[in-house]
Amino acid sequence: MKFGKSICILNVGGTKYAFSRDVIKDFPLRRVSRLHNCASEKEVLEVCDDYDRERNEFFFDRHSEAFGFIMLYVKYGKLRFVPQMCELSFYNEMIYWGLESSHLEFCCQRRLDDRMSDTYTYFSEEDTKVEEDLRGEDVPDNSEGTGGGSAKWLERMRRTFEEPTSSIAAQILASVSVIFVIVSMVILCASTLPDWKTAENNSVEEHRYTESLEHPSGIIEAVCIGWFTAECIVRFMVSKDKCEFVRRPLNIIDLLAITPYYVSVLMTVLTGENSQLQRAGVTLRVLRMMRIFWVIKLARHFLGLQTLGLTLKRCYREMVMLLVFICVAMAIFGALAQLLEHGLDLEMGNEDYASIPAACWWVIISMTTVGYGDMYPITTPGRVLGGLCVVSGIVLLALPITFIYHSFVQCYHELKYRSARYTRSLSAEFLN
């Protein structure tokens with residue numbers, strides 16, 4: 001475009017900047033330099049928001065303060081965030097003017113990376129899909145007739161059982177499920193008390209399942225198992241992908257918690273009072289204790305347990321790193337402790353350190369600063385080694401925990417965001 005004047009005026013959000021045509025041609029910002037190549041006013045309006053031919057003024061409806069900081073980058077070569085301005089908003093201004101995140105100073109790049117990571121977590125693909133489902137439920141679809149109504153009913157049932165905060169019915173169902181979990185845990189813990197059973201000999205322990213229906217605790221236990229079984233079957237029937245349902249960790253835990261009850265009942269019925277009863281009794285007690293997995297069912301209803309599980313899932317590399325650190329330290333300090341405490345003096349050596357595996361136990365309780373006191377070095381070199389072991393344990397354990405803590409905070413905010421979104425949906429449903 002042939003400019004009417006040799007001076008071009010850039011009006012960015014009310015703040016004006018005057019440049020010559022030669023400066024505009026080689027301007028570091030791509031959007032501004034594109035003005036020099038415009039052949040018509042129509043092409044100019046594709047670059048800026050408005051153009052005044054008389055004054056040769058180009059108007060950009062953008063953030064004036066952000067552009068001021070960008071101009072400082074053009075002048076001095078250093079780009080930093082505007083104070084009290086969202087990092088993502090400033091990044092959008094950078095993209096508009098043709099800059100990239102690599103133009104930022106290193107400290108600002110880290111801030112932008114953290115903020116973009118959090119934003120990606122909040123607005124993940126799964127959240128977008130759920131929001132589309134929420135919008136789709138409010139729009140009536142008569143094109144599919146009965147099939148469409150059945151699909152909506154199944155989707156509503158799935159959300160009721162899978163998402164405790166999605167509706168009032170889901171909250172009631174979740175509350176009942178939590179009550180059953182607590183009751184079953186109380187019964188399981190109380191059954192291990194010495195005064196819980198009134199039997200006079202140990203044979204009653206093996207008969208506990210044959211007499212379970214005659215005892216109040218057995219009835220309560222059967223009711224809890226029935227509820228968990230029915231809940232698991234319904235969730236499986238209304239799930240979209242049956243294979244994905246079976247592969248989910250929480251569903252596997254549900255299966256591990258429910259199956260031992262039926263296996264134990266079946267074994268008791270098959271063994272009866274024959275000679276296999278004594279051997280079956282040990283197996284029954286093991287299966288009974290496996291129902292402690294019911295506690296993990298609470299992860300469906302409590303944000304803290306969900307955060308813990310999601311953190312462990314995302315930080316498996318850091319957990320492996322932590323395990324490698326501990327194993328390497330155990331091997332080194334365990335071998336040195338065995339040598340200093342026992343290997344150098346076989347007759348008067350410390351018998352607690354007779355082997356490297358025994359010394360590794362001392363290393364692990366020292367590195368974690370637990371210190372049971374069941375074994376400790378008695379020689380001066382051994383005590384010096386113990387001090388180094390404790391200090392190195394503090395350092396080695398602290399290194400990966402920083403990453404795990406950051407991931408925990410990020411997962412907590414993500415799940416809290418999802419919970420708040422479902423709460424808004426629940427409030428709208430209640431008002432309607």
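The values are calculated or read from the model by the stated rules, or taken from the named source; none is laboratory data. Source: prediction; values computed, not measured. Using ideal geometry, Cβ is built from the backbone for each residue, glycine included, and neighbour counts are taken over all protein chains shown. For the accessible areas, the whole protein counts, side chains as well, though only heavy atoms, and no ligand, DNA or RNA atoms are used. Shrake-Rupley method; radii C 1.70, N 1.55, O 1.52, S 1.80 Å.
A few remarks follow.
- Restricting attention to the stretch 16-42, the residues being part of a strand (DSSP E or B) and farther than 12 Å from Glu57 by Cβ number 1.
Here is a yes/no grid of residues against (1) modelled with pLDDT under 80; (2) more than 19 Å from Phe293 (Cα to Cα); (3) in a helix (DSSP H, G or I):
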| site | (1), (2), (3) |
| --- | --- |
| Val176 | no, no, yes |
| Cys189 | yes, no, yes |
| Val234 | no, yes, yes |
| Thr268 | yes, yes, yes |
| Ser275 | yes, yes, no |
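- Residues of the stretch 244-258 classified as surrounded by fewer than 16 Cβ atoms within 10 Å (Cβ to Cβ) and either free of Cβ contacts under 8 Å to residues at least 12 places away in the same chain or not in a helix (DSSP H, G or I) (or both), total: 5
- Selection from the stretch 59-110 of residues that are open to solvent by less than 20 Å² (accessible area, probe 1.4 Å), part of a strand (DSSP E or B) and modelled with pLDDT of 90 or more: Phe60
- Of all residues making up the stretch 305-355, the number that are under 24 Å from Cys411 (Cα atoms) and either assigned to a helix (DSSP H, G or I) or among the basic types (Lys, Arg) (or both): 18
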